[in-house]
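The structure appears below as structure tokens.
The values are calculated or read from the model by the stated rules, or taken from the named source; none is laboratory data. Not measured: the values here are computed from a predicted model. Using ideal geometry, Cβ is built from the backbone for each residue, glycine included, and neighbour counts are taken over all protein chains shown.
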Amino acid sequence: MGKVMAVCISPRKGTEKKNVHCAEFVEDFGIRGDAHAGKWHRQVSLLSLERIEEFRARGAKVEYGAFGENLVVSGYDFKTLPIGTRFRCGEVVLELTQVGKECHKGCAIFQTMGDCIMPREGVFCRVLAGGQIKEGNEFYIDEG
């Protein structure tokens, strides 16, 4: 079991997301109010708390949402999970659709640190069932 540590959104693509602590997840769309919501395979992005903490230990001063992640979750190494893995958080069901991504050029974190973890540690999901997710919620791999 994992735990939701932050729920982040941004109104525009290419900007840091801000922790809003609670958000509505809309089936086959994403998070209400987030720039990345839409009818595609990368509706919600997830990043492991443990990978963020490792990056911070190297001297990075990054807040939740700095990598463009929607959910920060403790307890899972997301990049090791297969495509198709389903997660449940309350009524919300997410399906893993992509591991990693190509980083856009000029990322502020990469410019400062010479590295960015989102391209190799972040994962993307689509929303199979909607509902609300808030900080502190339990987050599970849905075994069916």
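Quick notes on this structure:
- Odd one out for G65 among (1) of a type outside the set (S, T, Y); (2) under 11 Å from the mean Cα position of the chain (by Cα); (3) modelled with pLDDT of 95 or more; (4) crowded, with 21+ Cβ neighbours inside 10 Å: (3)
- Test: C22 is surrounded by 14 or more Cβ atoms within 10 Å (Cβ to Cβ) and either without any contact (Cβ under 8 Å) to a residue 12 or more places away in the chain or of a type outside the set (A, V, I, L, M) (or both): no
- Residues (of a type outside the set (G, A, S), exposed (fewer than 15 other Cβ atoms within 10 Å of the Cβ) and modelled with pLDDT under 90) located in the stretch 89-107: E102, H104, K105
- Residues that are closer than 20 Å to K134 by Cα and either in contact with a Gly (Cβ under 7 Å, 6 or more places away or on another chain) or among the β-branched types (V, I, T) (or both) within the stretch 30-45 comprise G30, I31, H36, A37, Q43, V44, S45, listed in sequence order.
- Cross-chain or 6+ apart pairs with Cβ under 6 Å, the stretch 58-79 first and on the phi > 0 side of the Ramachandran plot, then assigned to a strand (DSSP E or B): G65/C8; G65/K18; G65/N19; G75/G2
- Subset of the stretch 19-31 that is in a strand (DSSP E or B) and more than 12 Å from the chain's Cα centre (by Cα) - its residue that is nearest to F87 (Cα to Cα): F25
- Residues of the stretch 1-15 that turn out to be farther than 22 Å from E138 by Cβ and buried (at least 17 other Cβ atoms within 10 Å of the Cβ), as a count: 1
- Tally of residues being touching a Cys at 6+ places or on another chain (Cβ under 7 Å) and either at pLDDT below 95 or part of a loop (DSSP other than H, G, I, E, B) (or both) across the stretch 4-18: 1
- When the stretch 41-72 is filtered for residues that are more than 14 Å from V99 (Cα to Cα), in a strand (DSSP E or B) and in contact with a helix residue (DSSP H, G or I) (Cβ under 7 Å, 6 or more places away or on another chain), only V72 remains.
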